[in-house]
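The values are calculated or read from the model by the stated rules, or taken from the named source; none is laboratory data. As the structure is a prediction and not an experimental result, all values here were calculated from the model. Neighbour counts are summed over all protein chains in view; Cβ atoms, including those assigned to glycine, are modelled from backbone coordinates with ideal geometry.
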Amino acid sequence: MKFILGHKQGMTQIFDDAGRAHAATIVSASPVVVTQVKSKATDGYSAIQVGAGTRKAKRIGKAQQGHFKDLGSFAHLKEMRLTQDADESMARGTSIDLSAFAEGDIVRISGISKAKGFQGVVKRHGFAGGPRSHGQKHSEREPGSIGAGGYQRVFKGRRMAGRTGADLVTVKNLKVLKVDAANNMIVISGAIPGRRGTLLVIEGKN
């Protein structure tokens with residue numbers, strides 16, 4: 001299984017050999033370090049924990065400092081589930097970089113979407129709103145009736161205004177358009193969740 005952590009940088013266009021333009025997202029993906037290997041025998045499941053980024057040691061708890069030991073001071077920790085126990089190539093302290101990825105690979109990316117705060121039903125759910133006619137001059141963005149007849153209550157799951165965004169979003173079947181391992185940059189087709197700087201988990205198919 002191929003995976004790495006990265007940070008969203010922004011969007012651009014990539015032109016193929018036929019001159020077609022493809023929307024693409026640039027991601028900076030510095031090498032990550034394996035901080036822990038979990039197996040079914042000891043932990044009940046197979047996984048690899050990796051650390052990325054750097055942080056001042058004084059801002060890391062003593063428990064994490066003891067966990068990292070001589071590996072460094074990481075800003076992010078992520079755990080990747082595996083279908084089977086990891087082999088020796090994924091031992092603790094191993095560095096994983098972009099060399100495992102190549103142009104044309106199909107990946108899936110997970111990240112936290114943009115947070116938009118408290119939003120109404122038109123922006124949050126795409127409601128059409130009400131007509132501005134027959135005396136309804138203030139109902140353009142109202143949700144309309146939310147009652148339930150004789151039940152005298154609002155059914156659970158009713159779409160209403162509320163907090164929007166800041167959700168874990170996974171986008172599948174994205175194509176790798178370019179890999180620059182020397183500069184730790186990877187270009188991926190299409191849009192990716194989050195704002196600039198969002199931490200992303202990039203997973204490739206075996």
### Hits in the stretch 155-194 - residues which are farther than 14 Å from A24 by Cα and aliphatic (A, V, I, L, M)
M160, A161, A166, L168, V169, A181, A182
#### Entry: Pick from the stretch 114-136, criterion exposed (fewer than 12 other Cβ atoms within 10 Å of the Cβ) and touching a residue at least 40 places away in the same chain (Cβ under 8 Å), ranking: nearest to K8 (Cα to Cα)
G117
### Task
Kindly indicate the residue of the stretch 152-206 that is under 29 Å from G120 (Cα atoms) and among the polar types (S, T, N, Q) and also surrounded by the fewest Cβ atoms within 10 Å (Cβ to Cβ) among those meeting that condition.
Q152
#### Entry: Residue in the stretch 38-50 that is farthest from L82 (Cα to Cα), counting only those that are polar (S, T, N, Q) and surrounded by 15 or more Cβ atoms within 10 Å (Cβ to Cβ)
Q49
#### Entry: One residue from T54, T35 being outside any strand (DSSP E or B) and either surrounded by 11 or more Cβ atoms within 10 Å (Cβ to Cβ) or not assigned by TED's automatic domain parsing to the domain that holds A91 (or both)
T54
### Message
Among the listed residues R153, R108, R141, R158, identify the single one that is closer than 30 Å to V50 by Cβ and either more than 24 Å from the chain's Cα centre (by Cα) or not in a helix (DSSP H, G or I) (or both).
### Response
R108
### Message
Give me the residue from the stretch 23-56 that is of a type in the set (G, A, S) and in contact with an Asp or Glu (Cβ under 9 Å, 6 or more places away or on another chain) and, out of that set, farthest from E103 (Cα to Cα).
### Response
A41
### Task
State whether the residues of the stretch 162-172 include one that is free of Cβ contacts under 8 Å to residues at least 60 places away in the same chain, in a loop (DSSP other than H, G, I, E, B) and among the polar types (S, T, N, Q).
no
### Task
Tell me, please, whether a residue that is under 22 Å from I202 (Cα atoms), surrounded by 14 or more Cβ atoms within 10 Å (Cβ to Cβ) and at pLDDT below 90 can be found in the stretch 16-25.
yes
### Message
When you scan the stretch 60-79, do you find a residue that is under 30 Å from K178 (Cβ atoms), in a loop (DSSP other than H, G, I, E, B) and not aromatic (F, W, Y), even just one?
### Response
yes
